[in-house]
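> Here it is, the structure, as structure tokens.
Here, each number is a calculation from the coordinates, and none is a lab measurement. Just so it is clear, the model here is predicted, and its values are computed rather than measured. Here Cβ is always computed from backbone atoms with ideal geometry, including for glycine, and neighbour counts include all displayed protein chains.
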Amino acid sequence: MRRLLAAGLALLCAASAAGAACPGADAWQAAHPQESDEALAARDDARSFTHPALRAELAERVARDQKARIAYLADRSDEAAARAVNRIDDDNLRWLHALVRAQDFPSARQVGEQGVQHAWLLAQHADIAPKFQAALLPVMMLRAADGELPLSDFARFSDRVLKAQGKPQRYGTQFSPEEWATPHFGLPDEASVQAVEANRRALGVMPLADYVCMMSEARKPR
């Protein structure tokens, strides 16, 4: 069964606005203003893109992805909405696979940081092709190391690949709300929590408890 509830940009935007409900996450975001959507947009505004048509295509595909997922989240019993998400994911996977085969994964020089994040989202939702996702992990790491992809997005993608392989997650990002509500956030024990926290500190992303609070708040019905 496909994971239709994969975190999308709409959910991540809601998470970034968790505010008073998650003071730890709010404080972390305030201390890292360079990671805000506004800072990303400002950096892109200062760029010229070598592939503006590709940037536009990525934006259009993500807009369709998000529209379909928001419709499904509004009524998870709607089978037609679920099928629409699957059709869009299938089409985006075929397109992204051909793009990567032809020219590699997009870079900020080509499409800006927003374009790279849009390409990341299409890859994040390509769950029916776990080998393709795994093959993209090195270039995702490179984009994150070069400051072209948010480290938090790299963490989500890395965990997604590991989960598909039946391996423990390094950053604790790919659990359900029900799993996050358990004492160890879906992890087996406190030692695992501490190991994940150490991985998150080393990568440079917010503590797990703050991340879980932020994402759980974002998933609440509005």
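> Return yes or no: is A68 outside any helix (DSSP H, G or I) and more than 26 Å from A39 (Cβ to Cβ)?
In short, no.
> If I ask for residues that are of a type in the set (A, V, I, L, M), outside any helix (DSSP H, G or I) and more than 23 Å from V116 (Cβ to Cβ), which ones from region 18-57 would you list?
Once the filter is applied, which keeps residues that are of a type in the set (A, V, I, L, M), outside any helix (DSSP H, G or I) and more than 23 Å from V116 (Cβ to Cβ), region 18-57 yields only A18.
> Being among the small types (G, A, S) and farther than 21 Å from G204 by Cβ, is that true of even one residue in region 142-162?
No, there is no match, as no residue in region 142-162 is among the small types (G, A, S) and farther than 21 Å from G204 by Cβ.
> Next up: Quick one: in region 98-133, of everything that is without any contact (Cβ under 8 Å) to a residue 60 or more places away in the chain and assigned to a loop (DSSP other than H, G, I, E, B), which residue is nearest to F157 (Cα to Cα)?
A126
Let's see how each residue does on (1) farther than 25 Å from A39 by Cα; (2) of a type in the set (S, T, Y); (3) surrounded by fewer than 17 Cβ atoms within 10 Å (Cβ to Cβ); (4) within 16 Å of the chain's Cα centre (by Cα):
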| residue | (1), (2), (3), (4) |
| --- | --- |
| S77 | yes, yes, yes, no |
| N86 | yes, no, yes, no |
| Q110 | no, no, no, no |
| G115 | no, no, no, yes |
| H118 | no, no, no, yes |
| L122 | no, no, no, yes |
| A135 | yes, no, yes, no |
| F154 | no, no, no, yes |
| L162 | yes, no, no, yes |
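> Output the number of the condition that F185 fails; it satisfies all remaining conditions of (1) on the phi > 0 side of the Ramachandran plot; (2) crowded, with 21+ Cβ neighbours inside 10 Å.
(2)
> Follow-up question, since we're still on this one. Mind listing whichever residues of region 77-97 are touching a residue at least 40 places away in the same chain (Cβ under 8 Å) and either out of contact with any helix residue (DSSP H, G or I) (no Cβ under 8 Å at 6 or more places or on another chain) or among the acidic types (D, E) (or both)?
Scanning region 77-97 gives N86, D89.
> Is there a residue being part of a helix (DSSP H, G or I), without any contact (Cβ under 8 Å) to a residue 40 or more places away in the chain, of a type in the set (A, V, I, L, M) and surrounded by fewer than 21 Cβ atoms within 10 Å (Cβ to Cβ) anywhere in region 197-207?
Yes: region 197-207 contains one or more residues that are part of a helix (DSSP H, G or I), without any contact (Cβ under 8 Å) to a residue 40 or more places away in the chain, of a type in the set (A, V, I, L, M) and surrounded by fewer than 21 Cβ atoms within 10 Å (Cβ to Cβ).
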